[in-house]
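Student: Structure below; questions to follow.
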Amino acid sequence: MGDTRLEPLVLSGDERSILRNWARRRSTAQGLAKRAAIVLACADGLSNTAVAARLETDRKTVRRWRTRFLAERLDGLSDEPRPGVPRTITDAQVEEVVVRTLEAVPEGGTHWSKREMARQVGISPTSVYRIWQAFGLQPHRTETFKISPDPLLLEKIRDVVGLYLAPPANAVVFSVDEKPQIQALERTAPVLPMLPGVPERRSFDYIRHGTTDLFAALDIATGKVIGKVSARHAAEDFRDFLDLLDHEVEPGLTVHVICDNLSAHKAPVVHKWLVAHPRFALHFTPTYSSWINQVERWFAELQRRCLERGVFCSVDALQAALQKWIEVWNEQARPFRWTKTADQIIDRICRYCDRISGPAH
């Protein structure tokens, strides 16, 4: 409801069109877009309180921009000049920093540092850093990627993601993989505990006491893990792990196992076992696509919270720690939430392939 005590705010057709463009255009500064939305709401006859509630701001802000607009119209929505030292970096220098960062490299180097760029452009390293921050440029960082050459890439993505998003009825879906060659490492000196202001400290060098392998099956519905330590990860060991899953899962359920393309998973001994256990079905991820196997996310937690800072004086101690970690995990297990559909993943891969196959590449 309007407030009769307020001076009516009436817009001309041109003013309304300009304000709508400011409020909707993505390139408009955030502050100007908000002010345009306030004036448009005021022009609809709303009170300051109602406008503030609609736009999630305070009443004083609405009153200020209503008053400014009535006094100065569109010009009143612009930012006033701010006090302080005048700007010393020109637009041409900003453009030069951005263009050089994106399109060139320093002589003899692979990427720019802020000091090298500052010497080239004639401004301070701090100014270069601020420009990089403003444009989201990080020349010190790099990422790697690998495009799967699997001829059945699309079919496998749809198969695996379909199991995540719409698992079959009367079935259990396991994400399975091995973590091989986990080392039992003991530091050469005792670990010094954390103190106020001092992090935990450990010797750089260590003693190796051997390795073990870990088979893990993540139930995607519950987040619980079935694990088995082994001295190796050959086809026979994978078959024995499938035997363990067969005993752990209720007899009436179908078992879908998502795994990678390791040769041990496709060996004749495994195939023979699958023929004898028809309720099991193996689903293979695309080549070079470990990111689609959810158990890899669990392995990352295992590495970070159990192995990375662990001290193990023997393989037996390492295996006991792995079994304990699995027990603790299962007590408070929660499933990982998969959100991307197969079409979204495939579209992103296609866009990336188009980008790297363009003329610039």
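The values are calculated or read from the model by the stated rules, or taken from the named source; none is laboratory data. None of these values were measured; they are calculated from a predicted model. Note that each Cβ is placed from the backbone with ideal geometry, even for glycine, and that neighbours are counted across all protein chains shown. Note: areas computed on protein heavy atoms with side chains; ligands, DNA, RNA excluded. Shrake-Rupley method; radii C 1.70, N 1.55, O 1.52, S 1.80 Å.
Student: For the structure I just gave you, tell me whether PHE284 is closer than 20 Å to PRO180 by Cα and out of contact with any helix residue (DSSP H, G or I) (no Cβ under 9 Å at 6 or more places or on another chain). Talk me through it step by step, then tell me what you get.
Tutor: Working: closer than 20 Å to PRO180 by Cα: yes; out of contact with any helix residue (DSSP H, G or I) (no Cβ under 9 Å at 6 or more places or on another chain): no.
Against the criterion (closer than 20 Å to PRO180 by Cα and out of contact with any helix residue (DSSP H, G or I) (no Cβ under 9 Å at 6 or more places or on another chain)), PHE284 does not qualify.
Student: Answer yes or no as to whether HIS256 is over 19 Å from LYS228 (Cα atoms) and surrounded by 14 or more Cβ atoms within 10 Å (Cβ to Cβ).
Tutor: So HIS256 fails the test.
Yes/no matrix, rows are residues, columns are (1) modelled with pLDDT under 90; (2) among the polar types (S, T, N, Q); (3) surrounded by 10 or more Cβ atoms within 10 Å (Cβ to Cβ):
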| position | (1), (2), (3) |
| --- | --- |
| VAL85 | yes, no, no |
| THR88 | yes, yes, no |
| GLN93 | yes, yes, yes |
| GLU107 | yes, no, no |
| SER127 | no, yes, yes |
| TRP132 | no, no, yes |
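Student: Look at LEU242 and say whether it is closer than 24 Å to GLU331 by Cα and part of a helix (DSSP H, G or I). Give the steps one after another, and end with the answer.
Tutor: Details: closer than 24 Å to GLU331 by Cα: yes; part of a helix (DSSP H, G or I): yes.
Yes; evaluated as a whole, the condition is true for this residue.
Student: Turning to a different aspect of this structure: Answer with yes or no whether VAL229 is over 29 Å from ASN170 (Cβ atoms), at pLDDT 90 or above and touching a helix residue (DSSP H, G or I) at 6+ places or on another chain (Cβ under 9 Å).
Tutor: In short, yes.
Student: Taking the conditions exactly as written (of a type in the set (Val, Ile, Thr) and either assigned to a strand (DSSP E or B) or crowded, with 17+ Cβ neighbours inside 10 Å (or both)), does THR211 satisfy them or not?
Tutor: yes
Student: Now a separate question. Show me the helices (runs of 4 or more DSSP H) entirely contained within the range 294-361 in which 2 or more residues are open to solvent by 50 Å² or more (accessible area, probe 1.4 Å), closer than 19 Å to PHE174 by Cα and modelled with pLDDT of 90 or more.
Tutor: Here the list reads 295-302, 315-331.
Student: Right, next: Within the set of pairs 6+ apart or on separate chains, which have a first residue in the range 43-55 that is at negative phi and in contact (Cβ under 8 Å) with a residue 12 or more places away in the chain, a second that is open to solvent by less than 80 Å² (accessible area, probe 1.4 Å) and charged (D, E, K, R), and C-beta atoms under 6 Å apart?
Tutor: Matching pairs, first to second residue: SER47/ASP3.
Student: Something else: Determine, yes or no, whether HIS233 is within 32 Å of the chain's Cα centre (by Cα) and assigned to a strand (DSSP E or B).
Tutor: no
Student: Still on this structure, I have one more. Give the residue, chosen from SER148, SER203, that is surrounded by 10 or more Cβ atoms within 10 Å (Cβ to Cβ), more than 30 Å from the chain's Cα centre (by Cα) and in a loop (DSSP other than H, G, I, E, B).
Tutor: SER203
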